[in-house]
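Take a look at this one; I'll ask things after.
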Amino acid sequence: MKSYPSSDLKQNLGDVLAAANHEPVSITRHRKARYVLMSVEAYNARFTKDERRSYALDEMPEEHLNMLESAITDSDNE
């Protein structure tokens, strides 16, 4: 993964974007990786298969509600 310091982004934006078209790019601050920049296509390819989602309590599937209640009850008994 290529890495660019955040302080150089303004001068090297074209290079950073070109690199991000090919692979994720690390943006560093104080020599530590802080952000990752990638193309939308790469992002979708990596994260669209994640079927996890959040629910409001009143729309939570019954089996999830049962697991939540069980976890709460178990932690109360410890």
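Each value in this text was obtained by applying a stated rule to the coordinates, not by laboratory testing. Predicted, not measured: the structure shown is a model, and the values here were computed from it. Neighbour counts run over all protein chains shown; Cβ positions are idealised from the backbone, glycine included.
Among the basic types (Lys, Arg) and out of contact with any Pro (no Cβ under 8 Å at 6 or more places or on another chain) - does that describe any residue in segment 16-30? Walk me through it before giving the result.
Here is the first cut: in segment 16-30, the ones among the basic types (Lys, Arg) are 29.
Within this subset, residues satisfying the condition of being out of contact with any Pro (no Cβ under 8 Å at 6 or more places or on another chain) are none.
No, segment 16-30 has no match at all.
Can you tell me which residues in segment 42-70 are in a loop (DSSP other than H, G, I, E, B), among the aliphatic types (A, V, I, L, M) and exposed (fewer than 10 other Cβ atoms within 10 Å of the Cβ)?
Taking segment 42-70 as the starting set, the residues that turn out to be in a loop (DSSP other than H, G, I, E, B) are 48-56, 60-61.
With the extra rule that they be among the aliphatic types (A, V, I, L, M), the set shrinks to 56, 60.
If the condition is that a residue be in a loop (DSSP other than H, G, I, E, B), among the aliphatic types (A, V, I, L, M) and exposed (fewer than 10 other Cβ atoms within 10 Å of the Cβ), then 56 is the only one that fits.
Still on this model: Among the hydroxyl-bearing types (Ser, Thr, Tyr) and within 22 Å of residue 4 (Cβ to Cβ), is that true of residue 39? Talk me through it step by step, then tell me what you get.
Details: among the hydroxyl-bearing types (Ser, Thr, Tyr): yes; within 22 Å of residue 4 (Cβ to Cβ): yes.
So residue 39 passes the test.
Applying the selection to segment 18-34, what residues are surrounded by 11 or more Cβ atoms within 10 Å (Cβ to Cβ) and free of Cβ contacts under 8 Å to residues at least 12 places away in the same chain?
Once the filter is applied, which keeps residues that are surrounded by 11 or more Cβ atoms within 10 Å (Cβ to Cβ) and free of Cβ contacts under 8 Å to residues at least 12 places away in the same chain, segment 18-34 yields 18, 22.
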